[in-house]
Amino acid sequence: MFPIENERVRSLLLKGRFGLEKESLRITPDGYFAHTPHPFMGEEHIVRDFCENQTEINTPVVDSAREAVEALKEYTVKIQKKLQAMPERELLWPFSNPPFIRSEKDVPIAQFTGDLKAKTDYREYLSDRYGRYKMTLSGIHVNYSFADELLQAAFALSGQKNFREYKDKLYLAVAESAAAYGWILTALTAASPLTDSSFVEKGRFGEDEFSGMASVRCSELGYWNYFTVWYDYENLKKYADSIRFYVKRGLLAAPSELYYPIRLKPTGKNDLDALVANGVDHIELRMFDLNPLTDSGVDERDLIFTQLFLVWLAAEPCKLPSIKEQVQAVQNFKNAAHYDLKTVKLSLPDGEVCSVADAGAKVINRMQDFYRDFPEDVQAVLDFELEKFVTPEKRYAWQVRTRFTNSFVTKGMVLAEQKQQEACRV
């Protein structure tokens, strides 16, 4: 783990790399799904996710949260200009929850051909297993890696002889700690409290639905498997084998079907063989809603907080050795997706049961102590996040519900039009 008492290590703690994945739906100006082919064929950084109309931006890997946000803005502008110039203009839906849906057939599965046809076959499988409606939920995945300079400095003080083993062990510890505390990121970035009535009842359009969730996609209504996974964090091979177990037992068709909010990923091809052979390159956090209140879909301060959070976890690891504790950790994620965080409870790793709001404040207070000697801008980010637990009106979900209730899709379309006009003026 990071020996933060060492001056050099401490000076390098906030050196790391970001890569973002942002999903958004292409829609028609009347609020329905676009059915045109993916218009960005050949674009390395703009691909498709589940739906043919679900664009996904994969940013280059950069050295700061600000650069990551700027990259998202750059590719979002590129998409918006392309959509505005199409023969029949399309818009980019700015929310995690979809607009109008006519039926499952209205959700166009991404079409791959030739050597890539297996990707469409896999999506057909997901459609049958989970339903297409759930697959329309969009969000942001944050990929983060600690700077090699930091890892090397910490390794030199660790007394260990193999850098690769040290690095893998550190990322495993961070992943385990993130399982224990990662619910805080769900609570802080939830921004999807409203759905259209067509999401819950076929043929009923234009009525707002509020399920009591701040993030539908991160709640028990969203992206979860039909069982609760248990990981073996002892070493990388056992970690991979614990995922392979679910594939061998037929619970998953492939490791990618494991809808867990935290993943460890290798360089290059993302599969378990590469992970074990080449080691961990970065950690992926998958619990961020699209933030429609921003230009890029994510607030830079939330990315900085994520970095602060991961560094804190690397210095103060937390173990979840038992199945019971890992099951509770999953439930904590789901509870943190609720709208009223002062009434919903979770269980902290030390066994204390308290409201999500109180638990979040406790975690950030510990982080404030950890970063006490860091610059004021670090403290400002922690204060910004703490305020969301103290004052519910500061949460994105509260602001979205207040601003877009009573005709969620109609008001959302106004915002989508506005965002396209602003992007095309760049």
Checking SER158 against (1) modelled with pLDDT of 95 or more; (2) more than 30 Å from ARG123 (Cβ to Cβ); (3) assigned to a loop (DSSP other than H, G, I, E, B), the condition it does not meet: (1)
Residue among VAL390, VAL414, VAL409 that alone is out of contact with any Leu (no Cβ under 7 Å at 6 or more places or on another chain), of a type outside the set (Asp, Glu) and farther than 21 Å from TYR339 by Cα: VAL414
Residue match in the range 287-296 (condition: among the β-branched types (Val, Ile, Thr) and over 20 Å from the mean Cα position of the chain (by Cα)): no
Check on VAL47, more than 30 Å from ALA315 (Cβ to Cβ), within 25 Å of the chain's Cα centre (by Cα) and touching a residue at least 60 places away in the same chain (Cβ under 8 Å): no
Residue check for LYS388: of a type in the set (Lys, Arg), in contact (Cβ under 8 Å) with a residue 40 or more places away in the chain, part of a helix (DSSP H, G or I) and surrounded by 13 or more Cβ atoms within 10 Å (Cβ to Cβ): yes
All positions within the range 261-293 that are in contact (Cβ under 8 Å) with a residue 60 or more places away in the chain and part of a loop (DSSP other than H, G, I, E, B): PRO261, GLY279, VAL280, ASP281, LEU290, ASN291, PRO292, LEU293
Subset of the range 326-372 [without any contact (Cβ under 8 Å) to a residue 60 or more places away in the chain, in a helix (DSSP H, G or I) and closer than 21 Å to TYR223 by Cα]: GLN328, GLN331
Within the range 293-345, considering residues that are out of contact with any helix residue (DSSP H, G or I) (no Cβ under 9 Å at 6 or more places or on another chain) and of a type in the set (A, V, I, L, M), the one modelled with the lowest pLDDT: ILE323
Neighbours by Cβ (under 7 Å, 6+ apart or cross-chain): first from the range 104-116, without any contact (Cβ under 8 Å) to a residue 40 or more places away in the chain; second of a type outside the set (Ser, Thr, Tyr) and surrounded by fewer than 13 Cβ atoms within 10 Å (Cβ to Cβ): GLU104/GLY131
Sole exception among (1) free of Cβ contacts under 8 Å to residues at least 24 places away in the same chain; (2) in contact with a helix residue (DSSP H, G or I) (Cβ under 9 Å, 6 or more places away or on another chain) for ALA214, by number: (1)
Yes/no for LYS22 being buried (at least 16 other Cβ atoms within 10 Å of the Cβ), under 16 Å from SER96 (Cα atoms), charged (D, E, K, R) and touching a residue at least 12 places away in the same chain (Cβ under 8 Å): yes
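The values are calculated or read from the model by the stated rules, or taken from the named source; none is laboratory data. Every value quoted in this text rests on a predicted model; they were computed, and no experiment measured them. Counting neighbours? That spans all protein chains shown, and the Cβs are built from the backbone with ideal geometry, glycine included.
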